[in-house]
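The values are calculated or read from the model by the stated rules, or taken from the named source; none is laboratory data. As the structure is a computational prediction, the values presented were derived from the model and not from experiment. Cβ placement follows ideal geometry from the backbone for every residue including glycine, while neighbour counts extend to all protein chains displayed. Only protein heavy atoms, including side chains, enter the accessible area calculation; ligands, DNA and RNA are left aside. Shrake-Rupley method; radii C 1.70, N 1.55, O 1.52, S 1.80 Å.
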Amino acid sequence: MKIAMIGTGYVGLVSGVCFSDFGHEVVCVDKDPNKIEMLERGEVPIYEPGLDALMAKNVEAGRLSFTLDLEQAIEGAEAVFIAVGTPTRRGDGHADLTYVMAAAEEIARTANEYVVIVTKSTVPVGTNRRVKDTVSKANPALDFDVASNPEFLREGAAIDDFMKPDRVVVGVENDRAAEVMANIYRPLYLREYPIVTTDLESAEMIKYAANAFLATKITFINEIAALCEKVGADVKQVSKGMGMDGRIGNKFLHAGPGYGGSCFPKDTKALARIGQEHAVPMQITEAVIKVNEEVKRRMIDKLLDLCGGSFNGKTVAVLGVTFKPNTDDMRDAPSLTLIPALVGGGAKVRTCDPQGQHEGEALLPGVHWMDDPYTAAQDADLLVILTEWNEFRALDLSKIAQTMAAPRMADLRNVYTVKDARQAGFEAYDSIGREGFAE
């Protein structure tokens with residue numbers, strides 16, 4: 001099959017590369033000439049483990065190409081995927097559908113034979129019907145169907161998620177569109193991965209409901225962590241005991257400095273807005289959004305306590321600025337709350353992140369970027385572990401403590417233990433939902 005993928009951002013590029021690896025002919029389209037030139041040179045504009053090699057393999061096989069020309073991409077395509085951005089709209093929290101609707105209009109004006117227009121972007125319930133109306137108005141003679149095919153890709157593990165999914169969700173209106181989508185995902189059918197075929201609205205809602213529930217799990221355990229600190233419980237043990245219950249599961253029960261990234265903040269806000277518009281308030285989701293912001297602010301208080309009540313004149317080393325490891329994504333990362341508070345309070349901040357500097361330099365002014373954690377920590381008054389990159393999981397803590405001006409650690413990902421910190425010579429240690437100490 002020939003597939004056109006509109007948008008070469010995170011979702012569009014990963015999906016396009018993986019579809020080509022299924023054996024389909026995929027043409028990825030973007031309006032940004034710099035991005036297309038980069039891709040044609042074999043360079044990947046995002047960091048995702050394994051994506052560069054998989055992309056090169058399928059380009060070499062002749063199944064994958066990149067273009068600025070939408071007409072060329074759509075010609076002969078049986079399906080056109082819309083994978084453009086749906087950022088949170090300023091002021092009302094809703095998803096901005098400007099790019100989705102613009103793509104739908106362009107497809108309508110360019111296509112001249114039957115095609116399934118598939119929304120891959122995360123969109124509010126009812127969007128695919130709006131896409132259908134937009135296409136029909138722009139080109140009344142076009143024979144087409146719409147489909148909703150939300151993505152469930154974890155950054156840092158996206159290729160594995162695409163190739164070995166928990167499920168694939170497909171929303172369609174008729175058997176003709178369902179058959180096209182079944183042919184696209186045929187390799188997964190053959191390997192018996194679950195394919196959920198449903199109506200358009202249910203497919204759209206599944207995506208929001210899933211992300212809001214996962215965000216709720218994260219926020220719930222972060223609230224429990226705050227209580228653990230007051231009553232002397234260990235949140236890691238609490239999480240372990242909870243997760244063994246098959247009804248709960250152990251995923252997304254890791255206490256930390258609050259969720260961030262491209263999906264959870266945006267999708268929870270959009271779901272809350274959808275509920276408000278339909279007079280069905282999403283009260284749990286609204287509380288999750290509120291508590292997540294409070295969790296991030298609570299982290300600032302932890303750092304302030306470790307700095308003796310003031311950041312002024314302190315040197316703070318922050319390890320990790322991306323919202324999670326194995327990505328360069330900085331969107332809504334806790335670092336965007338914590339580091340400005342440190343800088344604004346008069347601290348000298350040094351940061352180290354394996355992939356975050358390119359994005360972070362623009363987002364975190366006044367920060368000094370270091371190549372390794374040991375250089376960052378030298379003569380520092382506080383060490384903060386903010387993103388649990390593998391590079392930060394086996395540090396020589398004794399070596400770090402010996403070079404710091406005041407060996408204190410805020411372990412905001414619970415990578416180490418009180419025992420680790422004491423043995424290494426730290427004079428103060430704090431983490432999330434567990435015992436700390438100050439000598």
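Per-atom-type breakdown for segment 322-439 gives carbon and sulfur 43% of the accessible area (1.4 Å probe, protein chains only). Relative to the Cα centre, the charge distribution of segment 309-385, modelled as +1 at Lys and Arg Cβ and -1 at Asp and Glu Cβ, gives a dipole magnitude of about 280 debye. Toward the positive end of the charge dipole of segment 321-439, with +1 on the Cβ of Lys and Arg and -1 on the Cβ of Asp and Glu, the farthest Cα among L364, A380, A333 is that of A380. Fully extending the segment from D133 to R393 would add 88.4 nm, taking 0.36 nm per residue of separation and subtracting the current Cα-Cα distance. Just to confirm my numbers, what's the Cα centroid distance between segment 264-297 and segment 27-102 in Å? Each part's Cα centre sits 29 Å from the other's.
A simple rule links phi to the HN-Hα coupling: the Karplus curve 6.51 cos²θ - 1.76 cosθ + 1.60 with θ = phi - 60°, which for segment 187-198 gives x, 7, 4, 5, 8, 6, 7, x, 10, 9, 9, 8 Hz, with x for Gly and Pro.
Taking the Cβ of F392 as the centre, find all other residues whose Cβ is under 12 Å away and add up their charges (Lys, Arg: +1; Asp, Glu: -1). Neighbour charge sum, excluding F392 itself: -4. Using only side-chain charges placed at the Cβ, +1 for Lys and Arg and -1 for Asp and Glu, the dipole size of segment 357-439 relative to its Cα centre rounds to 300 debye.
Of the residues P354, T216, Y47, the one whose Cα sits farthest toward the positive end of the charge dipole of the chain, with +1 on the Cβ of Lys and Arg and -1 on the Cβ of Asp and Glu, is T216.
Summing charges over all other residues whose Cβ lies under 11 Å from the Cβ of G243, with Lys and Arg as +1 and Asp and Glu as -1, gives +4.
For segment 66-211, the carbon plus sulfur part of the accessible surface works out to 46%, probe radius 1.4 Å. Computed from backbone phi with θ = phi - 60° and the Karplus coefficients 6.51, -1.76 and 1.60, the 3J(HN,Hα) list for segment 309-324 is x, 8, 8, 4, x, 8, 10, 10, 9, 10, 9, x, 10, 6, 6, 7 Hz; x is used for glycine and proline. Using a probe of 1.4 Å on the protein chains alone, the accessible area found for T134 is around 30 Å².
With all protein chains kept in place, the per residue accessible area of the chain amounts to 44 square angstrom at a probe of 1.4 angstrom. Using C-alpha pairs under 8 Å with a sequence gap of at least 6, the mean separation divided by the residue count of the chain gives a relative contact order of 11 percent. The amide H of A147, built 1.01 Å from its N in the peptide plane, has I117, V118, T119 as neighbours under 5 Å, considering only residues 5 or more places off or on other chains. Does segment 1-159 come out rounded, prolate or oblate, given a ≥ b ≥ c as the square roots of the eigenvalues of its C-alpha gyration tensor, rounded meaning a/c under 1.5 and, failing that, prolate meaning a/b above b/c? Oblate shape, in that a/c is at least 1.5 and b/c is the bigger or equal ratio.
For M242, the accessible surface of its heavy atoms amounts to roughly 40 Å² (probe 1.4 Å, protein chains only, rounded to the nearest 10). What's the carbon and sulfur percent of segment 250-320's accessible surface, probe 1.4 angstrom, rounded to a whole number? For segment 250-320, the apolar C and S fraction of the accessible surface comes to 55 percent. Taken as entire DSSP H runs, the helices of the chain that both span 30 Å or more between Cα atoms along their own long axis and average -0.5 or more on the Kyte-Doolittle scale are 200-231, 283-306. Each Lys or Arg adds one and each Asp or Glu takes one away; over the other residues whose Cβ falls under 14 Å from the Cβ of V116, this sums to -3. Which pairs in the list K35/K207; K31/K266; K251/K290; K217/K324; K164/K240 are over 20 Å apart, alpha-carbon to alpha-carbon? Going by Cα-Cα distance, K35/K207; K31/K266; K251/K290; K164/K240 fall outside the 20 Å limit.
Tell me, how many Å apart are the Cα centres for segment 149-209 and for segment 395-439? Here the answer is 44 Å between Cα centres.
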